[in-house]
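The values are calculated or read from the model by the stated rules, or taken from the named source; none is laboratory data. Quantities reported herein were computed from a predicted structural model and do not represent experimental measurements. Heads up, the Cβs are rebuilt from the backbone with ideal geometry, glycines too, and the neighbour counts pull from every protein chain shown. Note: areas computed on protein heavy atoms with side chains; ligands, DNA, RNA excluded. Shrake-Rupley method; radii C 1.70, N 1.55, O 1.52, S 1.80 Å.
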Amino acid sequence: MAVQFADQRTSEPRPRPRGGTGRLRRGTPAPLARRRTPLRMLGMAAVWLWVLFNLAIFVWMLLSSLKSDGEVFADPWGLPNVWRFDNYVRAWEGSDLGTATLNSVFLVAAASVFTVAIGALAAYPLSRLQSRSSNVTLMYFVLGMGVPLQSIVVPAYIAMAGLNMTNTLGGLFLLYVGFSLPFTVFLLTGFFRTLPTRLEEAAALDGCSAFRTFRSVMLPLARPGIVTALLLNVVSLWNETLLALIFIIDDGRQTLALAILGFYGTMLYNSAWGALFAGVCIVVLPMLLLYLWLGKNIMDGMTLGATK
Amino acid sequence: MSIDNMTDEVAALIEPTGVDAVSFRGATRYYPKSDVAALDGFDLEVSAGEFMVLVGPSGSGKSTALRMLAGLEGVDAGSIHIGDVDVTHLPPIQRDIAMVFQDYALYPHMTVAENIGFHLKVAKVSRAEITARVNVTAEMLGLTPYLGRRPAALSGGQRQRVAMGRAIIRRPKVFLMDEPLSNLDAKLRTQTRNEIARLQRDLGITTIYVTHDQVEAMTMGDRVAVLRDGALQQCDRPKRLYQRPANTFVATFMGTPSMALLDAHLDGEAAALPGHAPIALTREQRAALTGGHVIVGVRPDAVSVVPAGQGIPGTVEVIEELGNESFLYVRAELAGQSATIAVQDRDGVMEIAPGAMVGLRVSPDMVHLFDGGTGLRLPD
Ligand SMILES: Nc1ncnc2c1ncn2[C@@H]1O[C@H](COP(=O)(O)OP(=O)(O)O)[C@@H](O)[C@H]1O
Ligand SMILES: [Mg+2]
């Protein structure tokens, strides 16, 4: 039959008609984007001020963590006279941050992954079902977002005590998953709603069950949303202090946020400012690196719905 | 590569496992929150191996019919059958149907090879067989160089072929296509149109093809079903549809330029067209009339231009030069009605400018006659 499809003859890769100059061009922005209204200028100024302010704090924190205790306040903006890397050693060894860091890494990773896993399993059907009961269920999750943590600490404590899970990392894991689910389900439901239903129809014709469609088609497409949810959960759980403070008593089960809290006290008492800032850096830097690594995914996840 | 010179083993990889007839029996679909049927008592018999085209204006229910057959929409009344099986309530998986969507619906995160082979993978076909069948299909469609690419890195025509490949590789009982060419440019559309028709003939898979383009319908289908507002108007071979349209809708929908419809009234045994010799009606035609009105349908080849003062008076509005032929659009004033009549300028010799006054003469044996009340064709 010699099916010669038309565009196969014309669309073979052709040599580029012109060679580049090797100099990358900037490209003139569209006239609309170039307009400088007063409001726009004001907005830009505000944004830049905010960025500078945050950068300044970060630089100050980083510099201070490398200074001697006296120098931190004597010369807040100067470079350290002597680079005191041993501040980090002091911080790390001074209050057993090693164990706390391990606890935090495992707890936060497990809780975030588990939350996003079951959150996605809940969010996908909620994004597709139009029934009244599914709307009520989604509403229930949304309401969960509005409940302040502080107001349910006592009932949560009683419940965990009943389960004999106070002062255990497993108990904290359950609490973290429970408190993270509402926002995760809400975020992912919104995200799944932006994905085209046409691909599910194609998958159904290709023979996929609902779960296979979810696993092989929708989940890969939802990756930016999944990464966003994961990252937001990791950051908030990494910094979580209140629940850890209430539920964890043993030093060996402390999370990093909790350990740093105790560490503040000790260092303040000793005026060990350099080590204190080193401790703060130990908490903040991993999240910063995580953002630098996965931040682009977050932006994709947050804007995908708007552009497609 | 062509099917003719493939080895038997290779050909066996893509040839259909069996073809089946399809029938819609009073199939009806109401969309939620609507009291108008998107498809209303639809009856259609598609024989095994046939290329059936569904054509109609936008919103006439073509996609709905296709989606009901695929199992993507529910059926509110009536039934749908594939072969001997009533599939009305079967899920898509059990219908053995492949579909090419208008927007292709390729999986963006999979390569071309993975897209084409996805059904086989889901069906747990062995990896070796998947690879073999993907390769044969890709070779047939000229997609071999692109097997490792993602859909985003393909041109429109290539994506269209991936969508075709995804359907062909399945060897389905029925092949559905919903306006598969509408995203291609005009030239590619014409070429691909012919290639799809040829592919269908070679594979012999029962195919239902949806389009709003009457040229596609006329050139591709073994038979064409015309829909309007969810109701089937007529289903016949393309030539019959053109030559014997069942009602005024089909008459004006098929053919470019459109057939002009002129109101005439029954005067004795003939239809009287103002300013024109009466058009005689047979006894059967007169008997079929529901009232005193006749609609005279005139295609461009049934009219000729005569000097002003003879025939139906009119003014030339537009001249459409198509290169090999040209059409005059003449605004004709008949007592109480004005109609634009397209006239074929067969030899391209008419030296006429827009605005010129002309006369029109209709060939009585080439007109189509319809009942003025119902719009239905009068018996020939
Ligand atoms: N998902 C839907 N919900 C409600 N109404 C719909 C839906 N899809 C199509 N319709 C309506 O059903 C009718 C037929 O639509 P469709 O089958 O898509 O027409 P076509 O494919 O011939 O353009 C139209 O009036 C359309 O507005
Ligand atoms: Mg349609």
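Observations on the model:
For (1) part of a loop (DSSP other than H, G, I, E, B); (2) closer than 15 Å to A:Val283 by Cα, each residue gets a yes or a no:
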position	(1), (2)
A:Gly43	no, no
A:Trp50	no, no
A:Leu55	no, no
A:Phe58	no, yes
A:Ser68	yes, no
A:Val72	no, no
A:Pro80	yes, no
A:Tyr88	no, yes
A:Trp92	no, yes
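- For B:Arg159, the conditions (1) in contact with a Phe, Trp or Tyr (Cβ under 6 Å, 6 or more places away or on another chain); (2) within 16 Å of ligand 2 (Cβ to nearest atom) all hold with the exception of (2).
- Any hit, segment A:74-86, residues being β-branched (Val, Ile, Thr) and exposed (fewer than 14 other Cβ atoms within 10 Å of the Cβ): yes
- Only residues that are away from ligand 1 (no atom under 12 Å from the Cβ) and open to solvent by 10 Å² or more (accessible area, probe 1.4 Å) were counted in segment B:45-65, giving 5.
- Test: B:Ala48 is of a type in the set (A, V, I, L, M) and either more than 16 Å from ligand 2 (Cβ to nearest atom) or part of a loop (DSSP other than H, G, I, E, B) (or both): yes
- Close Cβ contacts (under 9 Å, 6 or more residues apart or on different chains) running from residues in segment B:204-215 that are assigned to a loop (DSSP other than H, G, I, E, B) to residues that are among the hydroxyl-bearing types (Ser, Thr, Tyr) and surrounded by fewer than 17 Cβ atoms within 10 Å (Cβ to Cβ) comprise B:His212/B:Ser58; B:His212/B:Ser182; B:Asp213/B:Ser182.
- Considering residues of segment B:127-159 that are surrounded by 15 or more Cβ atoms within 10 Å (Cβ to Cβ) and of a type in the set (Lys, Arg) only, the residue farthest from the other protein chains (Cβ to nearest Cβ): B:Arg133
- Residue match in segment B:195-216 (condition: more than 16 Å from ligand 1 (Cβ to nearest atom), farther than 25 Å from B:Gly255 by Cα and either buried (at least 24 other Cβ atoms within 10 Å of the Cβ) or of a type in the set (S, T, N, Q) (or both)): yes
- Selected residue (only one of B:Met68, B:Met99 is within 24 Å of B:Ile196 (Cβ to Cβ), open to solvent by less than 40 Å² (accessible area, probe 1.4 Å) and away from chain A (no Cβ under 12 Å)): B:Met68
- Members of segment B:236-294 found to be under 24 Å from B:Ala308 (Cα atoms) and part of a loop (DSSP other than H, G, I, E, B), listed by number: B:Pro257, B:Ser258, B:Met259, B:Leu273, B:Pro274, B:Gly275, B:His276, B:Ala277, B:Pro278
- Look at segment B:170-184: where a residue is open to solvent by 10 Å² or more (accessible area, probe 1.4 Å) and a partner is of a type in the set (Val, Ile, Thr) and within 16 Å of ligand 2 (Cβ to nearest atom), sitting 6+ places away or on another chain with Cβ atoms under 6 Å, you get B:Asp178/B:Val210; B:Glu179/B:Val210; B:Glu179/B:Thr211.
- Members of segment A:1-49 found to be at pLDDT 65 or above, of a type in the set (Gly, Ala, Ser) and surrounded by 10 or more Cβ atoms within 10 Å (Cβ to Cβ), listed by number: A:Gly43, A:Ala45, A:Ala46
- In segment B:83-96, of all residues being touching a strand residue (DSSP E or B) at 6+ places or on another chain (Cβ under 7 Å) and more than 14 Å from every other protein chain (Cβ to nearest Cβ), the one that is least open to solvent (accessible area, probe 1.4 Å) corresponds to B:Thr88.
- The set of residues from segment B:174-211 being out of contact with any Lys or Arg (no Cβ under 7 Å at 6 or more places or on another chain), within 14 Å of ligand 2 (Cβ to nearest atom) and under 22 Å from B:Gly71 (Cα atoms) comprises B:Leu176, B:Met177, B:Asp178, B:Glu179, B:Pro180, B:Ile208, B:Tyr209, B:Thr211.
- Output for segment A:59-70, where each listed residue is open to solvent by less than 70 Å² (accessible area, probe 1.4 Å) and without any contact (Cβ under 8 Å) to a residue 60 or more places away in the chain: A:Val59, A:Leu63, A:Gly70
- Considering (1) closer than 19 Å to A:Lys67 by Cβ; (2) modelled with pLDDT of 90 or more, the lone condition that A:Trp238 does not fulfil carries the number (1).
- Of all residues in segment B:57-97, those that are assigned to a helix (DSSP H, G or I), more than 13 Å from ligand 2 (Cβ to nearest atom) and closer than 12 Å to B:Ala38 by Cα total 0.
- Within segment B:195-206, being of a type outside the set (A, V, I, L, M, F, W, C) and over 13 Å from B:Pro180 (Cα atoms) holds for B:Arg198, B:Gln200, B:Arg201, B:Asp202, B:Gly204, B:Thr206.
- Residue match in segment B:352-361 (condition: within 14 Å of B:Leu261 (Cβ to Cβ) and assigned to a strand (DSSP E or B)): no
- Matching helices (runs of 4 or more DSSP H) fully within segment A:196-265 where at least 1 residues are open to solvent by less than 10 Å² (accessible area, probe 1.4 Å) and touching a Leu at 6+ places or on another chain (Cβ under 6 Å): A:223-239, A:242-247
- Annotation: B:Thr256 fulfils all but one of (1) in contact (Cβ under 8 Å) with a residue 60 or more places away in the chain; (2) under 16 Å from the mean Cα position of the chain (by Cα); the unmet one is (1).
- Within segment B:102-113, the set of residues being free of Cβ contacts under 8 Å to residues at least 40 places away in the same chain and surrounded by 18 or more Cβ atoms within 10 Å (Cβ to Cβ) comprises B:Ala113 only.
- Residues in segment B:160-190 that are hydrophobic (A, V, I, L, M, F, W, C) and out of contact with any Leu (no Cβ under 9 Å at 6 or more places or on another chain) were compared, and the one that is nearest to the other protein chains (Cβ to nearest Cβ) is B:Leu184.
- Residue count for segment A:154-189, restricted to those that are at pLDDT below 90 and in a helix (DSSP H, G or I): 0
- Count of segment B:212-224 residues which are within 16 Å of ligand 2 (Cβ to nearest atom) and either of a type in the set (S, T, N, Q) or outside the structural domain of B:Ser58 (by TED's automatic domain parsing) (or both): 1
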